[in-house]
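Here's the structure we're looking at; comments come further down.
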Amino acid sequence: MTTVALKPATMAQALGRALRDSMAADPTVHVMGEDVGTLGGVFRVTDGLAKEFGEDRCTDTPLAEAGILGTAVGMAMYGLRPVVEMQFDAFAYPAFEQLISHVARMRNRTRGAMPLPITIRVPYGGGIGGVEHHSDSSEAYYMATPGLHVVTPATVADAYGLLRAAIASDDPVVFLEPKRLYWSKDSWNPDEPPAVEPIGRAVVRRSGRSATLITYGPSVPVCLEAAEAARAEGWDLEVVDLRSLVPFDDETVSASVRRTGRAVVVHESGGFGGPGGEIAARVTERCFHYLEAPVLRVAGFDIPYPPPMLERHHLPGVDRILDAVGRLQWEADS
Amino acid sequence: MTVMEQRGAYRPTPPPAWQPRTDPAPLLPDALPYRVLGTEAAAQVDPGLLRRLYAELVRGRRYNTQATALTKQGRLAVYPSSTGQEACEVAAALVLEDRDWLFPSYRDTLAAVARGLDPVQALTLLRGDWHTGYDPREHRIAPLCTPLATQLPHAVGLAHAARLKGDDVVALALVGDGGTSEGDFHEALNFAAVWQAPVVFLVQNNGFAISVPLAKQTAAPSLAHKAVGYGMPGRLVDGNDAAAVHQVLGEAIAHARAGGGPTLVEAVTYRIDAHTNADDATRYRGDAEVETWRGHDPIALLEHELTERGLLDDEAIRAAREDAETMAADLRERMNQDPVLDPMDLFAHVYAQPTTQLLEQETQLRAELDAEADGPHHHGPEGAGR
Ligand SMILES: Cc1ncc(C[n+]2csc(CCOP(=O)(O)OP(=O)(O)O)c2C)c(N)n1
């Protein structure tokens, strides 16, 4: 038996490795976007790909998001599997016409004849001190568009496994990369990257009995921290990492809430019309008789994303999460 | 009568749509960027203007180095420097009348400052205490615009509105070479030409969009040539020649003001610094190229012209530098003070009247801040359920 040499990897590196392995495994996989070639992307996720696979496989495009996604549609129509990068969440907006009118509904329009296996990578969320337009949580727009899968990793291993699955998927996947986790580290064996994760399965990141925190992406580490802090207050919190917003894993989420009887949904995106509303409704529809309290939401405020010096007041933090846990009608138990 | 029956009388004539609507020749830019400094045209320029441009270039360079230094001291979140592009920034500011409007991109804080905006207000966005640190209407400077090229249709709309109202106002919109690839660039130029709006577009072609060189951005003969397709004149100018940029912009603005419609100006310049302080330019370009451009420095070009012609002596140079130092010292001192922020500002100005939901959230944050001030605390009713 040989000992396995574990090495640290960041989420950005894991994503890059997933792109590389997908490109090596499938010659139809093409990476394209702004600064993805020579520079290796502003977050260095595509570092080295142009060198290894050539500029036709990893292409610096003109600066035009609608053009990037629109040409990706044509490339996919001809049998390629484009992986496009939107440089930041808010800079994906020019591509919405292509996304909503074509990418999301081509399978449906053509009665299944012409699905579009396009992966759209979008760095999203705040907490990096970014100035205006660099910190949006745009997942609710994507979730509200039938035909798109919406996936977001919270760990280094999932970044690899889910991106590989997204690229392999025959449906378009909006792959949301939590910016502030790009530099988060984990150790892995570079000779044997983590498993390819199926899209659509949530995982329990931490088991607990008192209540369930339902979350995803950048808020997962915050919820785990909150769960640790909650021990001092006598709560044993379970944390569910959704990993995929569409499709939504009702089974894992409901099973957890039925066990704990209480739930709080946590995300950075605004609460009003945000993902938490859908999630809370689904949980209530499925677990009503198991619930000891209404499902609560801890979300970003319903404001345009604030300037960096104020963002800590906007982002859901440990205290705000625990305040919500405190409001889960514990009086009824005692 | 069928066509066959009338055949004998039938005389084909080309449909009128076949005639070009506009003669493209006068719209075409010069083959080479227009220059003033070091040419005979320089003698025609008012020496007072040249000296003014010079003083502003020196201030502008100092502003750029000071702002970059502030990023290292953690006083700015990020700074996209316009070092090397000062001639464009300064000329754009000086060429406008007070009543005119400037539409800057995110790199153009210097243009705003040269127009008279307090540098601290211009840098608020990049310090991170608020997005737009000034009242756009007060200064006739639109908010610094980060989503590339999206400010261009705004400039067209504003200019159009001013004309509808009978006001003698011109809008000058700035955009980078990369920004010309965006759909909004196309739509703005098309609207401007169709409406004959009094607007001028200044493209600062500084060679790169972050890491992407112009050759990957466009296959056009020049960016100025794009004007022809919209039916407006395109002008190509040496973007490091402040006198030339000022003259070309001045002519385009006068043309627009007189009802002649929009112009697209491409100023060929170079981004001497990295994209921002967070960028590593060695990944995509060599020092040799940067050095070549340092040899075509906007300040040196103008200084050379002025000293050669005896329009600027050592005393005047020293005065310009001292003035720039005073500006930098003042900026440094004021940026070294922590801005006073009120977290409650998160909820200000989202709507004219806050929604009840926002009022609830405001109450929540206030309670959280009070609790935080009281120190560590429990989060639920004491002892409940634990
Ligand atoms: C719509 C949009 N897409 C992407 C970006 C990210 N971005 C910021 S600056 C930049 C390059 C801009 O290049 P250019 O227009 O030439 O202006 P320069 O930076 O050279 O002044 C990019 C891609 C953005 N701000 N907006």
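All of the numbers you see were taken from the coordinates with simple rules; none came from a lab. Just so we're clear, the structure is a prediction, and the values are computed from it rather than from any experiment. Because the Cβ atoms are built from the backbone with ideal geometry, glycine has one as well, and the counts that use them run over all protein chains shown.
What whole number of Å gives the distance from the Cα centroid of the range B:176-231 to the Cα centroid of the range B:267-318?
24
Which percentage, to the nearest 5, of the DSSP beta bridges contained in the range A:203-333 is antiparallel?
DSSP beta bridges in the range A:203-333 are roughly 20 percent antiparallel.
Run through the DSSP bridge list for chain A and note the antiparallel percent, rounded to the nearest 5.
Around 20 percent antiparallel, to the nearest 5.
Using a 10 Å cut-off around each Cβ, can you sort B:65, B:109, A:145 from fewest to most neighbouring Cβ atoms?
B:65, A:145, B:109
Would you work out which of B:141, B:8, B:348 lies farthest towards the positive end of the dipole of chain B, given +1 charges on the beta-carbon of Lys and Arg and -1 on that of Asp and Glu, about the Cα centre?
About the Cα centre, the residue reaching furthest to the positive side is B:8.
Tell me which trypsin sites (Lys or Arg not before Pro) from the range B:62-151 have a DSSP coil assignment and no more than 14 other beta carbons within 10 Å of their own.
B:99
Which residues in the range B:242-260 place their backbone N less than 12 Å from a point set 7 Å from the Cα of residue B:43 along the Cα-to-Cβ direction?
Answer for this model: none.
What do you get when you divide the Cα radius of gyration of chain A by 2.2 N^0.38 Å, with N the number of residues?
1.00
Could you tell me which of A:46, A:147, A:63 has its Cα farthest along the dipole of the range A:32-177 towards the positive end, charges placed at Cβ (Lys, Arg +1; Asp, Glu -1), taken about the Cα centre?
A:147
Can you put A:136, A:319, B:30 in order of Cβ neighbours within 10 angstrom, beginning with the fewest?
B:30, A:319, A:136
Mind giving me the FRET efficiency for residue A:144 and residue B:30? R0 is 45 Å, r the Cβ-Cβ distance, nearest 0.05 is fine.
It comes out at approximately 0.35.
Considering the options B:122, B:206, B:101, tell which one lies farthest towards the positive end of the dipole of the protein assembly as shown, charges being +1 on Lys and Arg and -1 on Asp and Glu at the Cβ, about the Cα centre.
Most positive-ward Cα: B:206.
Could you work out how much longer the chain between residue A:109 and residue A:26 gets when fully extended? Use 0.36 nm per residue separation minus the Cα distance between them, nm to one decimal.
27.2 nm
Of all the stretches in chain A, which is the longest one without any exposed loop site, taking trypsin sites (Lys or Arg not before Pro) in a DSSP loop (any state but H, G, I, E, B) with at most 13 other Cβ atoms within 10 Å?
A:210-334
To the nearest Å, what is the center-to-center distance of the range A:155-202 and the range A:12-27, using C-alpha atoms only?
After rounding, the separation between the Cα centres reads 10 Å.
How high is the relative contact order of the range B:217-369? Use alpha-carbon pairs under 8 Å, at least six apart in sequence, and give a whole percent.
Relative contact order for the range B:217-369 comes out at 16 percent.
What is the mean number of Cβ atoms from other protein chains located within 10 Å of the Cβ atom of each residue in peptide A:232-238, rounded to a whole number?
Partner Cβ neighbours, averaged per residue: 3.
Taking 0.36 nm per residue of sequence separation and subtracting the Cα-Cα distance, how much length would be gained by fully extending the chain between residue B:378 and residue B:99, in nm to one decimal?
94.7 nm
For residue A:122, what is the net charge nearby, where nearby means another residue's Cβ is under 11 Å from its Cβ and Lys, Arg count +1, Asp, Glu -1?
Neighbourhood net charge equals -4.
Using only atoms on other chains, find how many Cβ atoms lie within 10 Å of each Cβ of peptide A:287-294 and report the average.
Average per residue, whole number: 0.
Kindly work out what percent of the DSSP beta bridges joining two residues of the protein assembly as shown are antiparallel, to the nearest 5.
Bridges in the protein assembly as shown that DSSP calls antiparallel: roughly 15 percent.
Specify the inter-centroid distance of the range A:35-111 and the range A:271-292, based on alpha-carbon positions, in whole Å.
Here the answer is 34 Å between Cα centres.
Can you count the Lys pairs in the protein assembly as shown whose Cα atoms are under 24 Å apart, with each pair 8 or more apart or on different chains?
6
Per residue of B:275-283, how many C-beta atoms from partner chains lie within 10 Å of its own C-beta, taken as a mean?
2
Report the charge-dipole magnitude of the protein assembly as shown in Debye, nearest 20, computed about the Cα centre from +1 at each Lys and Arg Cβ and -1 at each Asp and Glu Cβ.
Charge dipole, the protein assembly as shown, about its Cα centre: 1780 debye, nearest 20.
Could I have the simple spin-label model distance between residue B:278 and residue B:254, label points 7 Å from Cα toward Cβ, reported in nm to one decimal?
Rounded to a tenth, the inter-label distance reads 4.4 nm.
At a 10 Å Cβ-Cβ cut-off, how would you order A:93, A:78, B:230, A:160, fewest neighbours first?
Ordered by Cβ neighbours within 10 Å, fewest first: A:78, A:93, B:230, A:160.
Where Lys and Arg each count +1 and Asp and Glu each count -1, what net charge lies around residue B:189 among other residues with Cβ under 15 Å from its Cβ?
-3
For the protein assembly as shown, what is the convex hull volume of its Cα atoms per residue in Å³?
230
Could I have the simple spin-label model distance between residue A:189 and residue B:190, label points 7 Å from Cα toward Cβ, reported in nm to one decimal?
Between residue A:189 and residue B:190, the label points sit 5.7 nm apart.
Compute the Rg/Rh shape ratio of the range A:1-123: radius of gyration over Kirkwood radius, all on alpha-carbon atoms.
Using only Cα positions, Rg/Rh for the range A:1-123 is 1.03.
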